[in-house]
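Below you'll find the structure, written out as structure tokens, and then a few comments.
The values are calculated or read from the model by the stated rules, or taken from the named source; none is laboratory data. Fair warning: this is a prediction, and the values are worked out from it, not measured in the lab. FYI the Cβ positions are ideal-geometry reconstructions off the backbone, even for glycines, and counts take in every protein chain you see. Keep in mind that these areas ignore ligands, DNA and RNA; they rest on the heavy atoms of the full protein, side chains included. Shrake-Rupley method; radii C 1.70, N 1.55, O 1.52, S 1.80 Å.
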Amino acid sequence: RPPRSTLFPYTTLFRSTPWQMFAFGIVGFLGGLIFRRKRGKWKHFHLWLCIYGGLSVLVIYGFLLDTASVFMGMGGINKAAFLAMYASGFPMNVIHGSATVIFLAVLGEPMLAKLERIRKKYGILEP
């Protein structure tokens, strides 16, 4: 019988790799550190959230996934392999970052309002 893991549903149902989960976790963690308790205090908070979302997906997520692709799928690990993967992955990373900006522009505030309601209701992260 195979060992059970919390990764099992994600890797089988959603076809996510541990690299993707790690990269999204890092992006979310850094976003939480940067934007914690800043909503309503920063002028143009929504704009900064969209900028962070787009750049973090483009730079952090894209870099980690492109690096993982070199380690998992390329025949040799060398400078040319990394440069080729980063160059070929850049258009997809730009599309992914742009989609993140659009998503945050449209649904960022409603999602944050729902999370704030849950935080208050259950007393999560009370100071």
### Task
Please indicate, with yes or no, whether at least one residue in region 86-98 is part of a helix (DSSP H, G or I), in contact with a Ser or Thr (Cβ under 6 Å, 6 or more places away or on another chain) and surrounded by 12 or more Cβ atoms within 10 Å (Cβ to Cβ).
no
### Yes/no for S5 being polar (S, T, N, Q), at pLDDT below 95, at negative phi and touching a helix residue (DSSP H, G or I) at 6+ places or on another chain (Cβ under 6 Å)
no
### Summary
Checked region 8-27 for anything modelled with pLDDT under 90 and open to solvent by 100 Å² or more (accessible area, probe 1.4 Å); matches are F8, Y10, L13, F14, R15
### Message
I'd like the full set of residues that are assigned to a helix (DSSP H, G or I), surrounded by 12 or more Cβ atoms within 10 Å (Cβ to Cβ) and free of Cβ contacts under 8 Å to residues at least 24 places away in the same chain, limited to region 28-50.
### Response
I34, F35, F45, L47, W48
